[in-house]
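Accompanying notes for the structure given below.
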Amino acid sequence: MFDKKLSSYTIDTFRRQGIHIKTQHHLQSIRPDEDGKGGLKIKIQEYDDEVSAGIVVWSTGLMQNPLVARLVEQDIRAPVTPEEQQLCKQQTWRIVKAEKSGGLVVDDHLRVRVSTGSTQTIDSQSGHSAPSDILPEVYAMGDCAVLEREALPATAQVASQQAKYLAKALNKYGSCEAVGNKSKPFLFLNLGTIAYIGSWRAIAQSSSEGLAGRLAWVLWRGAYITRSMSIRNKIMVLVHWIVTWLFGRDISRF
């Protein structure tokens, strides 16, 4: 997502803030400390001894939605028209599952893929899968969907573009078959990735160009303002930022 230069800049910034990044470290276990004072002991594969900790925050990415996890394990009937059911009424189908994320595999028009027999998986990096068909009038997008020929990041930017594409295609063409035959395939336009790293600094990556520091922070703030849904929201967000800057963030509990 970010190039090596921006990654190194971020690590150096964190180090100056007293935050130490440990890459290529593998957590094996977490247990309560024997002293009974609420501490924790962490076992890391690369260390001989356990490491003491007061707070452990576990953040390892997204877990697949339980509904999606159930769907990919169930037998379904497809196609769903009465005539087609008569032709293949003994045929069972399974939704094609992405090997890495467990998401629903979709084609270039965001239509859900199905295959015969047991659960099929696809490696979105290589695009290799067993022969499959389309589940009529069923679409998937966002975190639960994986394009069969391209791996996209699970970000709001991707989901937003997919939603706009699908809404436009359905409003214009209506049916699943027409969407597949007449509409253009979904194409993700990478508008860049921005991340705040503290101390009024941020990093921004747009294609091959990178930006870091205060200017990237201004870009990050500006992106949030421009992407707000209404003038009212834009004003409220801006006022909230100014109040927080002047008086600090309220972390009290009522």
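Just so it is clear, none of the values below were taken in a lab; they were calculated from the coordinates. Note that the structure is a prediction, hence the values are computed from the model and not measured. Backbone-built Cβ (ideal geometry, glycine too); neighbour counts: all protein chains shown.
Packing-wise, with mean Cβ within 10 Å as the measure, how do 201-208, 53-60 rank, highest first?
201-208, 53-60
Considering the values (i) 0.94; (ii) 1.06; (iii) 1.03, which represents Rg/Rh (Cα atoms, Kirkwood Rh) as calculated for the structure under consideration?
For Rg/Rh (Cα atoms, Kirkwood Rh), the calculated option is (ii).
Just going by the charge dipole of the chain, with Lys and Arg at +1 and Asp and Glu at -1 on Cβ, which of Ala159, Phe247, Ala69 is farthest out on the positive end?
Positive-most Cα among the choices belongs to Phe247.
State, to one decimal in nm, how far the label point of Lys41 lies from the label point of Leu170, with both points 7 Å from Cα in the Cβ direction.
5.4 nm
What's the FRET efficiency of Ala53 with Ala159 using the Cβ-Cβ distance as r and R₀ = 41 Å, to the nearest 0.05? Could you put the intermediate results ahead of the total?
On the way: r = 34 Å, r/R0 = 0.84.
The formula returns an efficiency of 0.75 here.
Please work out whether the range 1-67 counts as rounded, prolate or oblate from its C-alpha gyration tensor, where a ≥ b ≥ c are the square roots of the eigenvalues and a/c under 1.5 means rounded, while otherwise a/b larger than b/c means prolate and anything else oblate?
oblate
Tell me which lysines have Cα within less than 20 Å of Lys172's Cα, excluding those fewer than 8 residues away on the same chain?
Lys164, Lys182, Lys184
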